[in-house]
Amino acid sequence: MQIAVRALTAASALALVLGGFIPSLASAADTNASVLEEGKKLAFDRKKGNCLACHHVADGISPGNIGPPLLSMQARFPDKATLREQVYDATTKNPNTMMPPFGKHGVLNAEEIDKIVEYIYTL
Amino acid sequence: MAKGMRVQAKSKNGVTQVKALINHPMETGNRKDKKTGKLIPAHFIEEVTCEYKGEQVMLAEWSGGVSKNPYMAFKFNGGSADEMVKVGWKDNQGGNDTLDVKIK
Amino acid sequence: MKKTIALVLGFSLLASLPLTATADPEAEREAFVNHFKKKFPNIALEDYVNGVYALDAGAREQWEAIEEFPPYEIDVEEGQQLFETPFANGKSYADCFENGGIAIRQNYPYFDAKSGQVKTLEQEINECRKNNGEKPLKWKKGEIAKISSYMAYTSRDKIFDIKIPDDPRALAAYEQGKQFFYAKRGQLNFACADCHVYSPGMNLRTDILSPALGQVTHFPVYRSKWGEMGTMHRRYAGCNKQVRAKPFKAQGEEYRNLEYFHTYMSNGLPVNGPGARK
Amino acid sequence: MSMKRRHFIKNTLVGGAVAAGAVAMPQLAIAEWNKAAFEAKSVDDALNALVGASGMEDSAEIKIKAPDIAENGAVVPIQVTTSMKGVESIAIIAEKNPVPLVANFKFGANGAGFVSTRIKMGKTSHVLAVVKVGDKLYSAKKEVKVTIGGCGG
């Protein structure tokens, strides 16, 4: 799934570059947009990612402030896989972190984590 | 059992403040029972009154939007220590109660 | 058999704690208090009895509006009536407690050498009932919380003075409570300390985290969220559920030991219960 | 705070209620609870049903004390004070509640322009205080943000 999403991202980048001139790619761009949308939904869902519990996100209402704000994500995580690992199990980097190990503890499944990572990588 | 209502009345500079706390579920009728999924029937206080010297000094009308175990306070001109006020309420299911307290 | 396993487990847990051999609860308490003093240099120590309201002005204003006529007043009054109503055998709660049960909250929980266990106030309320031929009350809310509220109310201003007697079992109970407090648990992997030692005053969404220091002083509480009174162990269970851990049994050994450690950390602060919380 | 509070409570426990009255309700000035006003879904409809008008004038003489951020939407302390004379009633309205009109307090000639209560708010919205003096309605409003709990449960 992770790979599939990456492929989609590449396709959508291409779609962006080429604009609407190539109709066959439009559906891929739509899919990507929907991945981002689903990722955002999962990230904001209090029973799922619940990112806003601790992190400020630009258009999130009443965010918490325990974790760092989610911005400049691409600069902070040049390698997207590192960001994914942070969401999957933040305790590998810091055993005392307050961030729940979303993947390791099964709060989110792999597909959900991929979607969330896609979304927060745009922040 | 203790009465499900407490009232305090205090007079200061010719103005009396009456405060009341009532044990009441204040169900709006729009809330679902978490276990059964069924709507909990409306059960809330509709009216609260206060009498001083046989005269009504306040009549409050409430919806179910007042919090559970409701609190209210108001002031009226007049009243002095050792006089009495009577606070009463009635709900949409016919429940009611009154309490007489001495102004302090 | 089951008991044996639990015991063995208990001991092995203890053995793995490096602090056991040298544990000095009083030094640990001082370090605990100093942590908060350093974190919040402008908060007076006594203000920790007010929990989160010591840290946030906006929340405090609302709390003061509620304290204007606190919802627990009716419960304290009911608690007093329940406390004073004699049992079928003519005896009453007052006969079961030191000083007739008045102004004694600050001594709970305590280590009972006879049973070798930590005992809480709620536990002794129910023991009192049993010894007098009455049915025990449910642990987390209702009458027990009201009686406990009244007993806390008569103890206001008394200073918490939890003792850890020179008995390895008492120290073990304290250590187990401490370990519970610092252990990450649940699907969300939170320790009590994560929120209430390392992050008090921070926002979890719009919830402001309360400091662990002083938390026990205002129990039992009337929580607006509950719309009624609840005991310390009800709150522990709620906290455990929120981090998606299976809560332990109210008045089971885990929570009693936790309460022992948790209360010991607040030694020196006055009883301020019952409290009103959001 | 805790000192004052303790003192306050001890007083009330000693003083408290001196006598329980008869169960009969005091004579009410009006016969029926205003069903239409309390079932209205909009502020205008509620006011029309309540006082027969909905045109309001902002007044600096009305003060609402309410939190900027409610700790718990189920219990939001609201206090309304006005220095106006001849206040007949003070209504408290939570604009975005399913039933916006929460409470209406009516006074006799000796009303002193002060009410305080605790209300439920489903979501962030303005709280309005509407004061009736003679035939006119005066109002003030304050936004109250309703909190979102951190633990997803």
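Residues being over 26 Å from C:Thr85 (Cα atoms) and open to solvent by 10 Å² or more (accessible area, probe 1.4 Å): count how many of those fall in segment B:1-24.
Summing the residues that are over 26 Å from C:Thr85 (Cα atoms) and open to solvent by 10 Å² or more (accessible area, probe 1.4 Å) in segment B:1-24 gives 8.
Condition test on C:Tyr264, is it of a type outside the set (A, V, I, L, M) and touching a residue at least 60 places away in the same chain (Cβ under 8 Å)? Can you show your working first?
Numbers: of a type outside the set (A, V, I, L, M): yes; touching a residue at least 60 places away in the same chain (Cβ under 8 Å): yes.
Against the criterion (of a type outside the set (A, V, I, L, M) and touching a residue at least 60 places away in the same chain (Cβ under 8 Å)), C:Tyr264 qualifies.
For segment C:196-223, give me the residue count where each residue is more than 26 Å from C:Pro109 (Cα to Cα), in a loop (DSSP other than H, G, I, E, B) and touching a residue at least 12 places away in the same chain (Cβ under 8 Å).
1
All but one of (1) open to solvent by less than 10 Å² (accessible area, probe 1.4 Å); (2) closer than 28 Å to C:Gln176 by Cα; (3) not β-branched (Val, Ile, Thr) hold for C:Gly101; which doesn't?
Of (1) open to solvent by less than 10 Å² (accessible area, probe 1.4 Å); (2) closer than 28 Å to C:Gln176 by Cα; (3) not β-branched (Val, Ile, Thr), only one is false for C:Gly101: (2).
Taking only segment C:142-164 into account, find how many residues are open to solvent by 10 Å² or more (accessible area, probe 1.4 Å), in a helix (DSSP H, G or I) and under 21 Å from C:Ala250 (Cβ atoms).
Qualifying residue count for the region: 3.
Condition first: open to solvent by 40 Å² or more (accessible area, probe 1.4 Å), modelled with pLDDT of 65 or more and of a type in the set (A, V, I, L, M, F, W, C). Can you find one or more residues in segment A:5-19 that meet it?
no
Go through C:Tyr53, C:Tyr48 for me and flag whichever is of a type in the set (Ser, Thr, Tyr), within 22 Å of C:Thr231 (Cα to Cα), outside the structural domain of C:Glu124 (by TED's automatic domain parsing) and touching a Phe, Trp or Tyr at 6+ places or on another chain (Cβ under 6 Å). Don't jump to the end; show me each part of the working.
On the way: C:Tyr48 fails: touching a Phe, Trp or Tyr at 6+ places or on another chain (Cβ under 6 Å).
Criteria check complete, one pass: C:Tyr53.
Looking at (1) assigned to a loop (DSSP other than H, G, I, E, B); (2) modelled with pLDDT under 95; (3) of a type in the set (A, V, I, L, M, F, W, C), which one does A:Leu70 not meet, given that it meets all the others?
With respect to (1) assigned to a loop (DSSP other than H, G, I, E, B); (2) modelled with pLDDT under 95; (3) of a type in the set (A, V, I, L, M, F, W, C), A:Leu70 is out only on (2).
Could you please find all residues in segment A:71-94 being open to solvent by less than 30 Å² (accessible area, probe 1.4 Å) and within 13 Å of the chain's Cα centre (by Cα)?
Start the filter on segment A:71-94 by keeping residues that are open to solvent by less than 30 Å² (accessible area, probe 1.4 Å), which leaves A:73, A:77, A:83, A:87, A:89-91.
Answer for segment A:71-94, where residues must be open to solvent by less than 30 Å² (accessible area, probe 1.4 Å) and within 13 Å of the chain's Cα centre (by Cα): A:Met73, A:Phe77, A:Leu83, A:Val87.
Okay, residues lined up against (1) modelled with pLDDT of 95 or more; (2) within 14 Å of chain D (Cβ to nearest Cβ):
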{"position": "C:Glu175", "(1), (2)": "yes, no"}
{"position": "C:Tyr182", "(1), (2)": "yes, no"}
{"position": "C:Asn189", "(1), (2)": "yes, yes"}
{"position": "C:Asn203", "(1), (2)": "no, yes"}
{"position": "C:Asp207", "(1), (2)": "no, yes"}
{"position": "C:Ala212", "(1), (2)": "yes, no"}
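Please give the number of the condition D:Pro98 fails out of (1) at pLDDT below 95; (2) more than 7 Å from every other protein chain (Cβ to nearest Cβ).
Failing condition for D:Pro98: (2).
What's the number of the only condition in (1) at the interface with chain C (Cβ under 10 Å from one of its Cβ atoms); (2) at pLDDT below 95; (3) within 24 Å of B:Trp89 (Cβ to Cβ) that D:Ile78 fails to meet?
(2)
Spot the failing condition for C:Asn89; the list is (1) open to solvent by 20 Å² or more (accessible area, probe 1.4 Å); (2) in a loop (DSSP other than H, G, I, E, B); (3) out of contact with any Gly (no Cβ under 7 Å at 6 or more places or on another chain), and only one is missed.
(3)
Exactly one condition in (1) charged (D, E, K, R); (2) modelled with pLDDT of 95 or more; (3) in a helix (DSSP H, G or I) is false for A:Asp30; which is it?
(2) is the only condition that A:Asp30 fails.
Tally time: how many residues in segment D:28-47 are assigned to a helix (DSSP H, G or I) and either surrounded by fewer than 16 Cβ atoms within 10 Å (Cβ to Cβ) or under 17 Å from the mean Cα position of the chain (by Cα) (or both)? Explain how you work it out, then say what you get.
Applying the first criterion (assigned to a helix (DSSP H, G or I)) to segment D:28-47 yields D:35-39, D:43-47.
With either surrounded by fewer than 16 Cβ atoms within 10 Å (Cβ to Cβ) or under 17 Å from the mean Cα position of the chain (by Cα) (or both) added as a condition, the list becomes D:35-39, D:43-44, D:46-47.
Residues that pass the stated criteria total 9.
Restrict the check to segment C:147-161 and report whether at least one residue is more than 16 Å from C:Phe97 (Cα to Cα), out of contact with any Pro (no Cβ under 6 Å at 6 or more places or on another chain) and among the polar types (S, T, N, Q). Before you say what the answer is, go through the steps one by one.
Within segment C:147-161, the subset more than 16 Å from C:Phe97 (Cα to Cα) is C:156-161.
Still in the list and also out of contact with any Pro (no Cβ under 6 Å at 6 or more places or on another chain): C:156, C:158, C:160-161.
Now narrow it down to the ones that are among the polar types (S, T, N, Q): none.
No, the conditions are met nowhere in segment C:147-161.
Exactly one of (1) at pLDDT 50 or above; (2) over 23 Å from D:Asp135 (Cα atoms) is unmet by D:Ala22. Its number?
Here D:Ala22 clears every test but (1).
Quick one: which of C:Gly227, C:Gly177 is assigned by TED's automatic domain parsing to the domain that holds C:Val52, farther than 28 Å from D:Ala74 by Cα and open to solvent by less than 20 Å² (accessible area, probe 1.4 Å)? Step through it out loud before you land on a result.
Values: C:Gly227 fails: farther than 28 Å from D:Ala74 by Cα.
Matching residue, one of C:Gly227, C:Gly177: C:Gly177.
Is it the case that B:Val66 is more than 17 Å from D:Val99 (Cβ to Cβ), touching a residue at least 24 places away in the same chain (Cβ under 8 Å) and β-branched (Val, Ile, Thr)? I'd like the intermediate steps shown before the answer.
Values: more than 17 Å from D:Val99 (Cβ to Cβ): no; touching a residue at least 24 places away in the same chain (Cβ under 8 Å): yes; β-branched (Val, Ile, Thr): yes.
For B:Val66, the condition - more than 17 Å from D:Val99 (Cβ to Cβ), touching a residue at least 24 places away in the same chain (Cβ under 8 Å) and β-branched (Val, Ile, Thr) - is not met.
Determine whether segment B:44-57 contains at least one residue that is under 16 Å from D:Val102 (Cβ atoms) and of a type in the set (D, E, K, R). Before you say what the answer is, go through the steps one by one.
Step one: of segment B:44-57, the residues under 16 Å from D:Val102 (Cβ atoms) are B:44-48.
Filter once more, so that each one left must be of a type in the set (D, E, K, R): B:46-47.
Yes, segment B:44-57 contains a residue that is under 16 Å from D:Val102 (Cβ atoms) and of a type in the set (D, E, K, R).
Given the options C:Glu73, C:Glu61, name the one that is open to solvent by 40 Å² or more (accessible area, probe 1.4 Å), assigned to a helix (DSSP H, G or I) and within 11 Å of chain D (Cβ to nearest Cβ). Steps first, answer last, please.
Details: C:Glu73 fails: open to solvent by 40 Å² or more (accessible area, probe 1.4 Å).
Within the list C:Glu73, C:Glu61, the selection yields C:Glu61.
Sort out which residues of segment C:165-191 are free of Cβ contacts under 8 Å to residues at least 24 places away in the same chain and part of a helix (DSSP H, G or I), and write them in order of number. Full working, then the answer.
Going residue by residue through segment C:165-191, those that are free of Cβ contacts under 8 Å to residues at least 24 places away in the same chain are C:166, C:168, C:182-184, C:191.
C:Pro168, C:Tyr182 - these are the residues of segment C:165-191 that are free of Cβ contacts under 8 Å to residues at least 24 places away in the same chain and part of a helix (DSSP H, G or I).
Among the residues of segment D:60-71, how many are under 17 Å from the mean Cα position of the chain (by Cα) and open to solvent by less than 60 Å² (accessible area, probe 1.4 Å)? Break it down into steps so the answer makes sense when it comes.
Start the filter on segment D:60-71 by keeping residues that are under 17 Å from the mean Cα position of the chain (by Cα), which leaves D:61-68, D:70.
If we keep only those that are open to solvent by less than 60 Å² (accessible area, probe 1.4 Å) as well, we get D:62, D:64, D:66-67, D:70.
Summing the residues that are under 17 Å from the mean Cα position of the chain (by Cα) and open to solvent by less than 60 Å² (accessible area, probe 1.4 Å) in segment D:60-71 gives 5.
Are any residues in segment C:104-124 of a type in the set (Val, Ile, Thr) and surrounded by fewer than 21 Cβ atoms within 10 Å (Cβ to Cβ), and if so, which ones?
At the first step, the residues of segment C:104-124 found to be of a type in the set (Val, Ile, Thr) are C:104, C:118, C:120.
Answer for segment C:104-124, where residues must be of a type in the set (Val, Ile, Thr) and surrounded by fewer than 21 Cβ atoms within 10 Å (Cβ to Cβ): just C:Ile104.
From the list C:Ala276, C:Ala245, which residue is touching a residue at least 12 places away in the same chain (Cβ under 8 Å), of a type in the set (A, V, I, L, M) and open to solvent by 10 Å² or more (accessible area, probe 1.4 Å)? Before the answer, list the steps.
Details: C:Ala276 fails: open to solvent by 10 Å² or more (accessible area, probe 1.4 Å).
None of the others qualify; the one that does is C:Ala245.
Being within 19 Å of B:Leu59 (Cβ to Cβ) and free of Cβ contacts under 8 Å to residues at least 60 places away in the same chain is the filter here, so list the residues in segment D:91-109 that pass it.
D:Ala91, D:Ile92, D:Ile93, D:Val102, D:Ala103, D:Phe105, D:Phe107, D:Gly108, D:Ala109
Do we have any residue at all in segment C:125-139 that's of a type outside the set (A, V, I, L, M, F, W, C), surrounded by fewer than 22 Cβ atoms within 10 Å (Cβ to Cβ) and within 14 Å of chain D (Cβ to nearest Cβ)?
To start, the set of residues in segment C:125-139 that are of a type outside the set (A, V, I, L, M, F, W, C) comprises C:126-127, C:129-136, C:138.
If we keep only those that are surrounded by fewer than 22 Cβ atoms within 10 Å (Cβ to Cβ) too, we end up with C:126-127, C:129-136, C:138.
Remaining after also requiring within 14 Å of chain D (Cβ to nearest Cβ): none.
The answer is no, given that none of the residues of segment C:125-139 is of a type outside the set (A, V, I, L, M, F, W, C), surrounded by fewer than 22 Cβ atoms within 10 Å (Cβ to Cβ) and within 14 Å of chain D (Cβ to nearest Cβ).
Given (1) open to solvent by less than 10 Å² (accessible area, probe 1.4 Å); (2) not in a loop (DSSP other than H, G, I, E, B), where does C:Ser266 come up short, assuming only one miss?
Unmet condition: (2).
The values are calculated or read from the model by the stated rules, or taken from the named source; none is laboratory data. No experiment lies behind these values; they were computed from the predicted model shown. No Cβ is skipped: glycine too gets one built from the backbone with ideal geometry, and neighbour counts run over all protein chains shown. The protein model used for the area step is the full one, side chains on, heavy atoms only, and it has no ligands, DNA or RNA in it. Shrake-Rupley method; radii C 1.70, N 1.55, O 1.52, S 1.80 Å.
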